[in-house]
1. When the helices in the chain are scored as -39500 (n - 2.57) per DSSP H run of 4 or longer and the sum is shared across all residues, what 222 nm value do you end up with, to the nearest 500 deg cm²/dmol?
2. So, R0 is 30 Å and r is the distance between the beta-carbons of Lys195 and Ala39; what FRET efficiency does that work out to, to 0.05?
3. Contour minus end-to-end for Phe106 and Gln387, with contour as 0.36 nm per residue of separation and end-to-end as the Cα-Cα distance?
4. Which residue, Val152, Val392, Val122, tops the fluctuation ranking in a GNM of the chain built on C-alpha contacts under 10 Å?
5. What aspartates and glutamates does Lys146 reach when the alpha-carbon gap must be under 18 Å and sequence neighbours fewer than 8 apart in one chain are set aside?
6. Using a cut-off of 16 Å between alpha-carbon atoms, which aspartates and glutamates can reach Lys354, once sequence neighbours fewer than 8 places away in the same chain are excluded?
7. Around Leu126, which amide H atoms from residues at least 5 apart in sequence, or from another chain, sit under 5 Å from its own amide H, with H modelled in the peptide plane?
8. I need the per residue convex hull volume for the stretch 130-179, using only the alpha carbons, in cubic angstrom as a whole number.
Amino acid sequence: MSKKTRQIQVYEQMQKNDVLILYSGVQHHISLDAYHPFAVNTQFFYLTGIERKDVILVMHKNGEMDPVLFIKRIDPLEEKWQGKQLTATQASELSEIKTVKYLDEFDKYINTLMMQNDIQTVYFDLYRNSPTDLPDYNMVMAEQFKKIYPSVMVKNAYALIAPLRMQKDEEEIEKVQKAIDITQSGLEFVMQTLKPGMQENQVQANFEYKIRYNGASGPSFATIAGAGYNGTMLHYSENCGPCRDNELILLDLGAKYEGYCADITRTYPINGKFTERQKQIYDIVLKANQTVAATAKPGMTTVELNNVCKEVLANGLKEIGLIKEDSELIKYYMHGVSHHLGIDVHDATIASNKELRPGAIITNEPGLYIDEESIGIRIEDDLLITQDGCVVLSKDIIRTTDEIEAYMAQFK
Ligand SMILES: [Mn+2]
């Protein structure tokens with residue numbers, strides 16, 4: 001789907017004279033003259049394909065769609081320090097938007113727009129994750145806008161865009177697939193090099209080296225490398241512990257490629273051989289993973305998929321005598337099995353669009369975390385929902401205990 005099609009799909013949801021303003025964002029300051037790496041606003045990126053700071057998209061619903069982009073005027077001195085800036089031609093090609101203006105024209109443009117039209121509603125990206133978060137740049141700009149134009153109703157553009165992002169088009173599927181393939185190369189390098197005595201951060205380094213070498217822009221989120229007991233903590237990312245003989249290492253990680261994320265988890269035996277007990281638990285998690293992949297299809301919700309997953313895990317744990325009642329599963333499995341995946345690792349979702357539709361890319365990540373035995377196992381694949389089921393986009397990343405042992409044995 002072209003960027004233009006995405007813009008049209010948003011435009012069609014707007015009422016006559018509604019305005020949408022999206023900022024690509026700014027670099028966040030750390031200290032003195034140091035800044036965080038730039039992270040583009042993902043609603044903006046979805047609609048424009050532009051991953052640059054200081055760009056604004058404006059759409060005014062008024063007959064034929066004619067969006068406008070505002071970019072920075074090229075400053076040769078700034079280019080000398082910070083590299084080539086986005087040109088109007090590049091901006092236009094990436095976004096399929098023909099009208100490109102400059103940031104110094106923005107205030108006047110908006111004021112004329114507001115004065116000459118009966119604008120009642122303006123959309124900004126107002127997504128909020130936690131009440132304790134600092135407001136995002138788009139939210140700050142929305143607040144400023146409200147001060148200047150207090151009579152205008154400010155609405156959330158996220159609600160227009162998230163439902164579209166929940167089904168991926170061909171280009172997006174290709175990019176996620178490529179991110180997964182690069183992730184595979186990183187995991188294979190990890191299996192080739194893993195041995196007792198390493199530190200978790202060295203395993204992380206081997207993964208991140210390989211994915212960057214193979215074209216990833218970087219990891220799609222903070223790599224989780226938890227050996228032994230550390231593998232039982234869901235979002236452990238200190239990665240500063242030792243990799244001991246006879247223990248497992250849980251690796252939850254992914255490569256980012258052209259703005260799209262992979263999210264994969266594999267659990268490997270540090271010395272190349274699973275113990276009988278590790279295998280026993282591993283195979284329960286694997287069965288849950290396989291059952292979810294065999295079940296996922298359009299019309300289901302991720303909550304329903306998690307119920308399927310929980311049933312397999314609970315039955316497995318009852319069979320080996322670790323629990324007696326289904327209700328005890330919460331002690332060893334306490335998260336959901338799926339989330340959407342795309343431009344964001346936990347990709348845009350909206351409550352009104354719960355049922356999976358063809359084109360959705362979701363994770364499949366059952367796990368069991370037995371603290372008292374220092375066994376943490378998660379097996380996470382990425383699924384593409386199709387017309388009648390799903391395909392496992394990460395099917396080529398080996399996952400059975402036999403496959404993993406045979407692969408690792410080649411490098412001993
Ligand atoms: Mn995940």
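1. -11000 deg cm²/dmol
2. Working: r = 35 Å, r/R0 = 1.17.
Rounded to the nearest 0.05, the efficiency is 0.30.
3. Working: separation 281, 0.36 × 281 = 101.16 nm, distance 4.43 nm.
Full-extension gain reported as 96.7 nm.
4. With Cα springs under 10 Å in the chain, the top fluctuation among Val152, Val392, Val122 is at Val152.
5. Reachable aspartates and glutamates: Asp18, Asp107, Asp118, Asp125, Asp136.
6. Straight-line reach from Lys354, under 16 Å: Glu304.
7. Placed amide hydrogens put Ala157, Tyr158 under 5 Å from Leu126.
8. Values: hull volume 6.9 nm³, N = 50.
Once divided by residue count, the hull of the stretch 130-179 is 138 Å³.
Only the coordinates and a few stated rules stand behind these numbers; no lab work does. What you are looking at is a predicted structure, and each value in this text was computed from that prediction instead of being measured. Neighbour counts are summed over all protein chains in view; Cβ atoms, including those assigned to glycine, are modelled from backbone coordinates with ideal geometry.
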